[in-house]
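These notes are about the structure you will find just below.
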Amino acid sequence: MLNRKGAFIFLATGFEEIEAVATIDVLRRGNVPVTIISITKELTVTGAHNINIVADALFEEVAFDGSELLILPGGMPGSQNLQNHEALGKLLQAHFEQNKLVAAICAAPKVFGHLNILNGKKATCYPGFENELLGAVLSNNGTVRDENIVTAKGAAFAIEFGLQLVEILQGKEVADKIAQGMLMR
């Protein structure tokens, strides 16, 4: 069983490619170790737009003890597939209860809503999924942080989402340096 530290991003069939790749890229620019996890039975996962990404490991092969951050990219049916994965749900719930960082973008914050971890927390999502953010205080911002939960609206906010995560883990100075290199701030 692999035991890695850092951030883990979970891919399910039908994930939004931009949200996954941009987030991984920004985190790695910030020297955050990111492990790509497939929740399917294969390392190669097909995104919503038929782009294949090869994961680093299968869900069942990894011990998540050293995880600092768990990330869910959106997309459909990817977000629903993430929500349907019982072991991932248990991992997210335990991680959240330990006050560790959880993050989701686009439709994926619905997973947090169905795990009842958004109660009283500010959150955002892709328009049309608000009713699945059960218990959340809805925000119209592109990226929202409330304690150990970070959510974002969608692909247009993927870099901002990644920068927010870098800022939390590595500091504002590192995030600003990455943003300047990308001509963002």
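The values are calculated or read from the model by the stated rules, or taken from the named source; none is laboratory data. Predicted model only: the values in this text are computed from it and were never measured. Glycine also receives a Cβ, built like all others from the backbone with ideal geometry; neighbour counts cover every protein chain displayed. Areas reflect the complete protein model, heavy atoms only, side chains present, ligands, DNA and RNA absent. Shrake-Rupley method; radii C 1.70, N 1.55, O 1.52, S 1.80 Å.
Give ALA48, ALA22 a once-over and let me know the one that is among the small types (Gly, Ala, Ser) and touching a Phe, Trp or Tyr at 6+ places or on another chain (Cβ under 7 Å).
Numbers: ALA22 fails: touching a Phe, Trp or Tyr at 6+ places or on another chain (Cβ under 7 Å).
On inspection, the qualifying residue turns out to be ALA48.
Within the stretch 10-48, can you find the residues that are in a helix (DSSP H, G or I), among the aliphatic types (A, V, I, L, M) and open to solvent by 40 Å² or more (accessible area, probe 1.4 Å)? Reasoning before the result, please.
Keep residues of the stretch 10-48 that are in a helix (DSSP H, G or I), which gives 17-29.
Still in the list and also among the aliphatic types (A, V, I, L, M): 18, 20-22, 24, 26-27.
ILE18, VAL21, listed by residue number.
Report yes if some residue within the stretch 152-164 is within 11 Å of PRO109 (Cα to Cα) and touching a Leu at 6+ places or on another chain (Cβ under 8 Å); otherwise report no. Explain how you work it out, then say what you get.
Pass one, the stretch 152-164, residues within 11 Å of PRO109 (Cα to Cα): 152-154.
Retained after the next criterion (residues that are touching a Leu at 6+ places or on another chain (Cβ under 8 Å)): none.
No, there is no match, as no residue in the stretch 152-164 is within 11 Å of PRO109 (Cα to Cα) and touching a Leu at 6+ places or on another chain (Cβ under 8 Å).
Here are some conditions: (1) open to solvent by 60 Å² or more (accessible area, probe 1.4 Å); (2) touching a Pro at 6+ places or on another chain (Cβ under 9 Å). ASP65 meets all but one. Which one does it not meet?
(2)
Can you go through GLY89, GLY75 and tell me which one is modelled with pLDDT of 95 or more, in contact with a His (Cβ under 9 Å, 6 or more places away or on another chain) and on the phi > 0 side of the Ramachandran plot?
Working: GLY89 fails: on the phi > 0 side of the Ramachandran plot.
After applying the criteria, what remains is GLY75.
Please go through (1) in contact with a Leu (Cβ under 8 Å, 6 or more places away or on another chain); (2) farther than 17 Å from SER79 by Cβ; (3) of a type in the set (A, V, I, L, M) for ILE24 and return the number of the only condition it doesn't satisfy.
All conditions are met except number (1).
Can you name the residue in the stretch 48-70 that is of a type outside the set (Val, Ile, Thr) and closer than 17 Å to VAL21 by Cβ and, of all such residues, is nearest to the chain's Cα centre (by Cα)? Quick ask: steps written out before the conclusion?
Pass one, the stretch 48-70, residues of a type outside the set (Val, Ile, Thr): 48-50, 52, 55-61, 63-70.
Adding the requirement that they be closer than 17 Å to VAL21 by Cβ leaves 48-50, 52, 55-56, 69.
Details: ALA48: 16, HIS49: 18, ASN50: 20, ASN52: 18, ALA55: 15, ASP56: 16, LEU69: 8 Å.
Ranking the candidates gives LEU69 first.
When the stretch 49-62 is examined, which residues are found to be crowded, with 16+ Cβ neighbours inside 10 Å and either free of Cβ contacts under 8 Å to residues at least 12 places away in the same chain or aromatic (Phe, Trp, Tyr) (or both)?
Quick first cut of the stretch 49-62, residues crowded, with 16+ Cβ neighbours inside 10 Å only: 53, 55-57, 59, 62.
The one that is crowded, with 16+ Cβ neighbours inside 10 Å and either free of Cβ contacts under 8 Å to residues at least 12 places away in the same chain or aromatic (Phe, Trp, Tyr) (or both): PHE59.
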